[in-house]
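The values are calculated or read from the model by the stated rules, or taken from the named source; none is laboratory data. Because the structure is a prediction, the values reported are computed rather than measured. Note: ideal-geometry Cβ built from the backbone for every residue, glycine included; neighbour counts use all protein chains shown.
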């Protein structure tokens, strides 16, 4: 074979580009995956929210109806605080208020408006003598209140549930606590515990703007 031909093939081999393994852009894929998961999570949250708290969707709960408008014949307020291992837990806003597409469909006679922990008790006049309870509110919230679990918080081995009503220890079934005007109920899962428990200031600007200065 002529030397010139051999040299030409050698030069062609040197100039031929080397095939590289395709590298996928890892960071954009990871970020995109995170946004996808977040978006799906928002869709799930929106769906659950549209169906009311925990799937409660306007049907009577504990013989408590969901009315098209807020009732005013019986109207007073109580306050609930939940503390898990020394940290206050959120009482969700709009609990007991069923809405869809930002339009309110109905109000249960027990409901919240904000994350303040204020429970609004608003019922027709024929129920003026009914004693609404903490258990009624938890049923509307569709959350457990037992010696084994308080809302989403498990009561594990070595844990306790302590309850205070108006600053005094309560040793009975917390579900049977009657919600009275300006009652302050504190439910703690611990240890640790906050003792004495926190108190709610009904005269604060936040409280009066939501619940007024009456009951």
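In the set 137, 200, only one residue is in a helix (DSSP H, G or I), within 23 Å of the chain's Cα centre (by Cα) and closer than 18 Å to residue 89 by Cβ; that residue is 137. For region 100-131, the set of residues classified as in contact with a helix residue (DSSP H, G or I) (Cβ under 8 Å, 6 or more places away or on another chain), surrounded by 18 or more Cβ atoms within 10 Å (Cβ to Cβ) and outside any loop (DSSP other than H, G, I, E, B) consists of 108, 110, 111, 118, 119, 120, listed by residue number. Total residues in region 38-83 satisfying the condition of being part of a loop (DSSP other than H, G, I, E, B), over 22 Å from residue 175 (Cα atoms) and at pLDDT below 50: the figure is 1. Taken as a whole, the structure leaves residue 35 outside the set of residues that are out of contact with any helix residue (DSSP H, G or I) (no Cβ under 8 Å at 6 or more places or on another chain) and either modelled with pLDDT of 50 or more or assigned to a strand (DSSP E or B) (or both). Answer yes if at least one residue in region 155-178 is under 28 Å from residue 107 (Cβ atoms) and touching a residue at least 60 places away in the same chain (Cβ under 8 Å), and no otherwise. No - not one qualifying residue is present in region 155-178. Scanning region 189-213 for residues that are touching a residue at least 40 places away in the same chain (Cβ under 8 Å), touching a strand residue (DSSP E or B) at 6+ places or on another chain (Cβ under 9 Å) and more than 17 Å from residue 116 (Cα to Cα), we see that the one that is surrounded by the fewest Cβ atoms within 10 Å (Cβ to Cβ) is 191.
On inspection, residue 143 qualifies as surrounded by 16 or more Cβ atoms within 10 Å (Cβ to Cβ), outside any helix (DSSP H, G or I) and either under 17 Å from the mean Cα position of the chain (by Cα) or without any contact (Cβ under 8 Å) to a residue 12 or more places away in the chain (or both).
Summed over region 152-171, residues that are over 13 Å from residue 80 (Cα atoms), surrounded by fewer than 18 Cβ atoms within 10 Å (Cβ to Cβ) and touching a strand residue (DSSP E or B) at 6+ places or on another chain (Cβ under 8 Å) total 7.
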